[in-house]
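One structure is given here, and the rest of the page talks about it.
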Amino acid sequence: MKTLLSHGYYKGEIVDLPTPEITDDGVLVKICYCGICGTDQDLFSSECSFVEDGLVSYPARLGHEWSGIVEKVGKNVTEFKKGDRVVGDNGISCEQCEDCLSGHFEKCIHLRNVGTIKPAYDGAFAEYFMIPARHLHHIPDGMSLKEASLAEPFSVAYGGIKHMNINEKSVVAVIGTGCIGMAAIVLAKALGAKTVVMIGRNPEKLKVAQRLGAEIINNTICDVKAEIDKLTNGNGADYVLECSGAKETFKQAISIATFKGTVALIGFYEHKENEVNIDNIVSKALTLVGVMGAIGDMAGALRILKNNKLDFSPIVTDELPFDDCIKGFTRKNYPNSIKTTVKICEE
C-alpha cells in the first residue's frame with residue numbers, strides 16, 4: 001500500500017509498504033481522506049519542541065485526522081462491518097492496564113499517539129489503516145467523508161466546549177482562525193450560544209468564520225477588548241477558547257473573559273510565558289482549562305454534529321491528491337489554508 005513517510009527537516013516520500021495484518025479485535029480501514037494538521041507540519045519540518053525533546057522518531061508515519069470505509073473486521077468485532085463509514089480516536093489504548101480494564105481508556109498509562117509523538121502508533125497517511133474497534137466511530141448519516149475527516153479537530157474543540165455551560169445567553173469568544181477555532185465556532189453555534197466571536201488576523205480566514213455564523217474581530221486593526229466590551233456592554237465573554245498558542249493571545253483571552261468566566265487553552269505554546277499577570281486570573285475568579293485531544297471527546301463532538309445539521313464544509317479550504325500531498329506539509333505553500341485535506345482513496 002502507498003504510505004507517506006516523513007524523514008523530518010522538510011523531507012518526505014511516498015513508499016510502498018505491506019498492508020497491516022488485522023487483529024482479532026481490529027478493523028482494517030480504507031482511508032479516503034486525511035487532513036494535514038499543524039502538528040503534522042511541525043513534525044515534517046522538525047521545527048518544534050517535540051523534536052528538540054527527542055519525542056519523535058524518524059521516519060515517521062504521520063496522520064491522525066482521517067475518515068474511511070471499513071475493508072475488513074477481526075473475528076471478535078461485531079459493531080462494525082465491511083462498508084461502514086468510520087473515523088477514529090487520536091490515541092490507542094493498551095486494553096490491559098487497570099484503567100483500560102475499568103473502561104477508562106483515556107487514562108491508559110500505555111496510550112500510543114496516532115501519527116505524532118512517542119509512544120507513537122502508525123499514522124493514517126496511507127491507503128489502509130488498522131485500528132482497534134474500541135477506538136472507532138460511525139460517521140453520522142448525511143455527513144460526507146471529506147467533512148468527517150474534520151472529526152478529530154472537532155473533538156479537540158469539544159475538549160474545551162465540554163467545560164462550558166453554553167446556552168442562549170452565552171457570549172463565546174474564539175481566538176485563532178485555524179481548524180480547531182473554526183470547529184469551536186460550529187459547536188458553540190450548535191449549542192445555541194447568543195453570540196460567537198472569532199478573533200484573528202487573516203482576512204480570508206475571518207471571512208470563513210463569518211460564513212460559519214461568527215462575529216469577527218481583526219486584531220491587527222481593532223482593540224479586541226474594546227470591541228468585546230461593545231458587544232457585551234462591558235461584561236466580557238462568558239467563555240473564551242484560545243486556539244492560537246501565542247503569548248499575546250493568552251493575555252488577550254484573560255483580558256476579555258468576564259468575571260467567573262471560563263478560558264480553555266487549546267493551542268500549544270512555543271515558549272514559556274513569564275509576563276502573565278496572574279492577578280488578572282485571580283481577581284476575575286476565572287476557570288482556566290488546559291485541553292488536549294482525549295479519547296471520548298470524538299463521540300461527544302459527533303453527537304452534537306449529528307443532532308444539529310450545520311454546514312461546516314467551508315473549513316476545508318484545500319484538497320490535494322495523495323501523490324502530490326507533500327507540498328501541503330509546508331505552511332508557506334498554503335498561507336490562507338484553514339484545513340488542507342488529502343484524498344487518498346476513492347469513496
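Of all residues in the stretch 236-276, how many are within 20 Å of Ala193 (Cβ to Cβ) and among the acidic types (Asp, Glu)?
Number satisfying all stated conditions: 2.
Taking only pairs six or more apart or across chains, which ones have beta-carbon atoms under 7 Å, a first residue in the stretch 293-307 that is farther than 19 Å from Ser93 by Cβ and in contact (Cβ under 8 Å) with a residue 12 or more places away in the chain, and a second residue that is surrounded by 20 or more Cβ atoms within 10 Å (Cβ to Cβ) and basic (Lys, Arg)?
Close Cβ pairs (under 7 Å, with a partner that is surrounded by 20 or more Cβ atoms within 10 Å (Cβ to Cβ) and basic (Lys, Arg)) do not exist here.
Residue check, Gly54 against (1) touching a helix residue (DSSP H, G or I) at 6+ places or on another chain (Cβ under 9 Å); (2) part of a loop (DSSP other than H, G, I, E, B), all met but one. Which one?
Condition (1) is where Gly54 drops out.
What residue, among those in the stretch 41-57 that are surrounded by fewer than 16 Cβ atoms within 10 Å (Cβ to Cβ) and of a type outside the set (Asp, Glu), is farthest from Cys94 (Cα to Cα)?
Only one residue fits best here, namely Ser49.
Quickly run through the stretch 231-260 and pick out the residues that are among the small types (Gly, Ala, Ser) and more than 23 Å from Ala209 (Cα to Cα).
Kept after step one, since they are among the small types (Gly, Ala, Ser), are these residues of the stretch 231-260: 234, 236-237, 244-246, 253, 255, 257.
Within the stretch 231-260, Gly234 is the sole residue that qualifies.
Can you name every residue in the stretch 154-166 that is in contact (Cβ under 8 Å) with a residue 12 or more places away in the chain and out of contact with any strand residue (DSSP E or B) (no Cβ under 6 Å at 6 or more places or on another chain)? Quick ask: steps written out before the conclusion?
Of the residues in the stretch 154-166, the ones in contact (Cβ under 8 Å) with a residue 12 or more places away in the chain are 154-164, 166.
Result: Phe154, Ser155, Val156, Ala157, Tyr158, Gly159, Ile161, Lys162, Ile166.
Within the stretch 1-11, can you find the residues that are surrounded by fewer than 17 Cβ atoms within 10 Å (Cβ to Cβ) and not basic (Lys, Arg)?
If we filter the stretch 1-11 for residues that are surrounded by fewer than 17 Cβ atoms within 10 Å (Cβ to Cβ), which is where we start, we get 1-2, 7, 9-11.
Result: Met1, His7, Tyr9, Tyr10.
Might you let me know whether the stretch 168-185 holds any residue that is free of Cβ contacts under 8 Å to residues at least 40 places away in the same chain, touching a helix residue (DSSP H, G or I) at 6+ places or on another chain (Cβ under 9 Å) and on the phi < 0 side of the Ramachandran plot?
Yes: one or more hits.
Would you tally the residues in the stretch 190-209 being among the charged types (D, E, K, R) and either in contact with a Lys or Arg (Cβ under 9 Å, 6 or more places away or on another chain) or surrounded by 19 or more Cβ atoms within 10 Å (Cβ to Cβ) (or both)? Break it down stepwise before answering.
In the first step, residues of the stretch 190-209 are kept if they are among the charged types (D, E, K, R); the result is 194, 201, 204-205, 207.
Now restrict to residues that are either in contact with a Lys or Arg (Cβ under 9 Å, 6 or more places away or on another chain) or surrounded by 19 or more Cβ atoms within 10 Å (Cβ to Cβ) (or both): 194, 205.
Count: 2.
Going through Gly213, Gly160, Gly192, Gly200 one at a time, which residue ends up being modelled with pLDDT of 95 or more, within 15 Å of the chain's Cα centre (by Cα), not assigned by TED's automatic domain parsing to the domain that holds Val73 and not aliphatic (A, V, I, L, M)? Spell out how you get there, then give the answer.
Numbers: Gly213 fails: within 15 Å of the chain's Cα centre (by Cα); Gly192 fails: within 15 Å of the chain's Cα centre (by Cα); Gly200 fails: within 15 Å of the chain's Cα centre (by Cα).
Answer to the selection: Gly160.
Check the stretch 255-264 and report whether any residue there is under 15 Å from Gly176 (Cα atoms), touching a helix residue (DSSP H, G or I) at 6+ places or on another chain (Cβ under 9 Å) and not small (Gly, Ala, Ser). Outline the logic, then answer.
Our first condition is that a residue be under 15 Å from Gly176 (Cα atoms); within the stretch 255-264, this holds for 256, 263-264.
Filter again for touching a helix residue (DSSP H, G or I) at 6+ places or on another chain (Cβ under 9 Å), leaving 256, 263-264.
Adding the requirement that they be not small (Gly, Ala, Ser) leaves 256, 263.
Yes, the conditions are met somewhere in the stretch 255-264.
Could you list, in sequence order, all residues of the stretch 12-40 that are surrounded by fewer than 15 Cβ atoms within 10 Å (Cβ to Cβ) and part of a strand (DSSP E or B)?
Hits for the stretch 12-40 are Glu13, Val15, Asp16.
Looking only at residues that are part of a strand (DSSP E or B) and of a type in the set (Lys, Arg) in the stretch 60-94, which one is surrounded by the fewest Cβ atoms within 10 Å (Cβ to Cβ)? It would help to see each step written out before you state the result.
The first filter runs over the stretch 60-94 and keeps only residues part of a strand (DSSP E or B), leaving 60, 65-73, 85-88, 91-92.
Now drop any that are not of a type in the set (Lys, Arg), which leaves 72, 85.
Numbers: Lys72: 17, Arg85: 20.
Here the residue is Lys72.
Within the stretch 241-347, which strands (runs of 3 or more DSSP E) (wholly inside it) include 1 or more residues that are modelled with pLDDT of 95 or more and buried (at least 19 other Cβ atoms within 10 Å of the Cβ)?
Working: elements: 257-265, 287-290, 316-321, 339-343.
Filter on the stretch 241-347 gives 257-265, 316-321, 339-343.
Anything in the stretch 95-106 that is under 30 Å from Asp141 (Cα atoms), of a type in the set (D, E, K, R) and outside any loop (DSSP other than H, G, I, E, B)? List them, or say none.
Glu106
Considering Gly267, Gly296, Gly300, which residue is closer than 30 Å to Arg61 by Cβ, touching a strand residue (DSSP E or B) at 6+ places or on another chain (Cβ under 7 Å) and of a type in the set (Gly, Ala, Ser)? Spell out how you get there, then give the answer.
Values: Gly296 fails: touching a strand residue (DSSP E or B) at 6+ places or on another chain (Cβ under 7 Å); Gly300 fails: touching a strand residue (DSSP E or B) at 6+ places or on another chain (Cβ under 7 Å).
Gly267 is the lone residue from the list that is closer than 30 Å to Arg61 by Cβ, touching a strand residue (DSSP E or B) at 6+ places or on another chain (Cβ under 7 Å) and of a type in the set (Gly, Ala, Ser).
Find the residue count for the stretch 243-292, including only residues that are small (Gly, Ala, Ser), touching a residue at least 24 places away in the same chain (Cβ under 8 Å) and more than 26 Å from Glu152 (Cβ to Cβ).
Number satisfying all stated conditions: 4.
Identify the residue in the stretch 31-74 that is charged (D, E, K, R) and over 16 Å from Val114 (Cα atoms) and, among all such residues, is nearest to the chain's Cα centre (by Cα). Please lay out each step first, then the result.
Narrowing the stretch 31-74 to residues charged (D, E, K, R): 40, 42, 47, 52-53, 61, 65, 71-72.
From what's left, over 16 Å from Val114 (Cα atoms): 47, 52-53, 71-72.
Numbers: Glu47: 20, Glu52: 23, Asp53: 23, Glu71: 25, Lys72: 27 Å.
That would be Glu47.
The values are calculated or read from the model by the stated rules, or taken from the named source; none is laboratory data. This one's a predicted model, so the numbers in the text were calculated from it and none came from an experiment. Cβ sites come from the backbone with ideal geometry, for glycine too, and all protein chains shown count toward neighbours.
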